[in-house]
Amino acid sequence: MTHRHPYPHTDLQGAAHRTTTAAQLLTALTRDPSPLLPLWQYVIAALDDIETLIDEVTGLRAELAGVRYQRANLLAAIRATLAAHHDGDDDPLYYVRDELHAQMPADHRAGEGR
C-alpha cells in the first residue's frame, strides 16, 4: 500500500524561484515607470505561493501538535505501566493497552470490546 500524504506537497524550489523572479521584477519596475502588465503575473504567482506555503506550514504545525500529544500520552502510559509493574500490579500493561485503544480511530474502536 502506498503511503499517501493528507495534503499535497508544495514545490518549494519552484516557489523560491518564482519569489526570486518576482523580487527581480519589482526591482526592474522601480527603474522603469512603464512596465509591461504581463510581468505582474509573476508577482501574483509568487504571492500565491507564499499563501500556499503558509497554509502548508499551518497544517504541519497542527499535525505535529497532535503527534506530540499522542506521544506524551503514550509516555505517560508507559511510565504508569512501569510503576504498576514495580508495585506488583496484576495487569500492569493495562495502561498501555488503554492508551493505544484511546488513540485508535473511532470507527475502529466502535465494535471492539475490552
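The values are calculated or read from the model by the stated rules, or taken from the named source; none is laboratory data. Computed from a predicted structure; not experimentally measured. FYI the Cβ positions are ideal-geometry reconstructions off the backbone, even for glycines, and counts take in every protein chain you see.
Among the numbered conditions (1) surrounded by 12 or more Cβ atoms within 10 Å (Cβ to Cβ); (2) modelled with pLDDT under 80, tell me where Arg4 comes up short.
Evaluating Arg4 over (1) surrounded by 12 or more Cβ atoms within 10 Å (Cβ to Cβ); (2) modelled with pLDDT under 80 leaves (1) as the failure.
Suppose the filter is in a helix (DSSP H, G or I), in contact with a Phe, Trp or Tyr (Cβ under 9 Å, 6 or more places away or on another chain), among the acidic types (Asp, Glu) and under 30 Å from Ala16 (Cα atoms); does Glu51 pass it?
no
Across the range 79-106, what is the number of residues that are closer than 19 Å to Gly66 by Cβ, assigned to a helix (DSSP H, G or I) and among the hydrophobic types (A, V, I, L, M, F, W, C)?
Residues that pass the stated criteria total 3.
So if I check each of Thr58, Thr27, Thr10, which one is at negative phi, modelled with pLDDT under 80, among the β-branched types (Val, Ile, Thr) and loosely packed, with under 11 Cβ neighbours inside 10 Å?
Going through Thr58, Thr27, Thr10 in turn, the sole match is Thr27.
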